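Okay, so here's the structure we're looking at.
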Amino acid sequence: MKPAPFEYHAPTTVDEATALLAEHGDEAKPLAGGQSLVPLLALRLTRFAHLIDLNDVASLSSMSHQGDAFTVGAMVRQDHVEHQAEIATAVPLLARATPLIGHFQIRSRGTVGGSLAHADPASEYPAVALALDAVFDIKGKNGSRSVAARDFFLGTWTTCLEADELLVAIRFPVADSRRGFSIEEAARRHGDFAMVGCACALGVDSSGAIDRASLAMFGVGATPMRAGAAERALLGQRNGDFRPEGLVEIGQLAVRDLDPPSDVHATGAYRRSAGAVLVGRAVANAMTEAIRG
């Protein structure tokens, strides 16, 4: 099939792009990498009268490291994140999640901001952003605002972005010493969307006890979800506390209050069971890295 007819726009600045969004409202859609949008258009599962191509907006492809924040422009390609040594050092969890996204052809065009704004609940980047408490910088015709990751995702394919707003950059905290990261997921085949997954970030104090813990589950609901009970249970624990039964308990706490959906890929019961195992695995891996400093 072919997309329904649309008018194509190619702005070169953020201001031009947001002006077009404001002018055309719900009839307009930004085009980033197009790895999700183009198939939906081709199958006529969605249609827009105006497509606003962001690929010529050079400022959206920049990255910067300032103080304790690493800023990634919304149009930075996923394969750049995968192979850029600076990102692997500054935001390890983002770099490690990237190879799990589709296949290299997808990552060569897909963008960081496009994936986040698409807000698929089974995708990796939203969970990474939530686990790291990232901040989203948004611009509209009438001004700019910043939104915490926990407030950005509202539902399946739904974010807090207004019709005239554009996600321009994402600010991630820079990893410091005594921090460990891990992302684990279960998928039918490499490159498939995850049936369930967990993004984990841990920090330890000078005595080796956990003083910071973040666990973000994905593929278990309409948005990625923080496992607050499991995070609280991890605080104060040391590496020697992580015997198999302890990891099982943490995993069970993480999924205790979840009600995952059942679909053609997996049942809700499977997602809960596998999710608990993945949490334990992610915690163990992150803790090993954290104590190595």
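All conditions in (1) within 30 Å of N239 (Cβ to Cβ); (2) at pLDDT 95 or above; (3) of a type in the set (D, E); (4) surrounded by fewer than 19 Cβ atoms within 10 Å (Cβ to Cβ) hold for E124, with the sole exception of (4). Within region 238-272, the residues that satisfy the criterion of being in contact (Cβ under 8 Å) with a residue 12 or more places away in the chain and of a type in the set (G, A, S) are G251, A254, A266.
Assessment of region 253-267 against the conditions (at negative phi, at pLDDT 95 or above, in a helix (DSSP H, G or I) and surrounded by fewer than 17 Cβ atoms within 10 Å (Cβ to Cβ)) yields no matching residue.
For (1) more than 23 Å from H50 (Cβ to Cβ); (2) under 13 Å from the mean Cα position of the chain (by Cα); (3) modelled with pLDDT under 95, each residue gets a yes or a no:
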{"position": "F70", "(1), (2), (3)": "yes, no, no"}
{"position": "H80", "(1), (2), (3)": "yes, no, no"}
{"position": "R109", "(1), (2), (3)": "no, no, no"}
{"position": "A131", "(1), (2), (3)": "yes, yes, no"}
{"position": "V135", "(1), (2), (3)": "yes, yes, no"}
{"position": "F152", "(1), (2), (3)": "yes, yes, no"}
{"position": "T159", "(1), (2), (3)": "no, yes, no"}
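Would you mention how many residues in region 185-198 are of a type outside the set (G, A, S) and surrounded by fewer than 23 Cβ atoms within 10 Å (Cβ to Cβ)? Residues flagged as of a type outside the set (G, A, S) and surrounded by fewer than 23 Cβ atoms within 10 Å (Cβ to Cβ) within region 185-198 amount to 6. Taken over region 85-100, the residue count meeting the criterion of being surrounded by fewer than 22 Cβ atoms within 10 Å (Cβ to Cβ) and touching a residue at least 60 places away in the same chain (Cβ under 8 Å) is 5.
Quick check: is even one residue across region 159-172 surrounded by fewer than 19 Cβ atoms within 10 Å (Cβ to Cβ), assigned to a loop (DSSP other than H, G, I, E, B) and outside the structural domain of S115 (by TED's automatic domain parsing)? Checked against the condition, which is being surrounded by fewer than 19 Cβ atoms within 10 Å (Cβ to Cβ), assigned to a loop (DSSP other than H, G, I, E, B) and outside the structural domain of S115 (by TED's automatic domain parsing), region 159-172 yields no hits at all. Whenever a residue of region 123-146 is in contact (Cβ under 8 Å) with a residue 12 or more places away in the chain, its partners that are in a strand (DSSP E or B) and polar (S, T, N, Q), lying with C-beta atoms within less than 6 angstrom and at least six residues away or across chains, give the pairs A131/S214; V135/S146; D137/S146. If you check R281 against the conditions, is it assigned to a helix (DSSP H, G or I), under 20 Å from G203 (Cβ atoms) and without any contact (Cβ under 8 Å) to a residue 24 or more places away in the chain? When the stated conditions are applied, R281 does not pass them.
The values are calculated or read from the model by the stated rules, or taken from the named source; none is laboratory data. Quick caveat, the model's predicted, so the values are computed rather than measured. Heads up, the Cβs are rebuilt from the backbone with ideal geometry, glycines too, and the neighbour counts pull from every protein chain shown.
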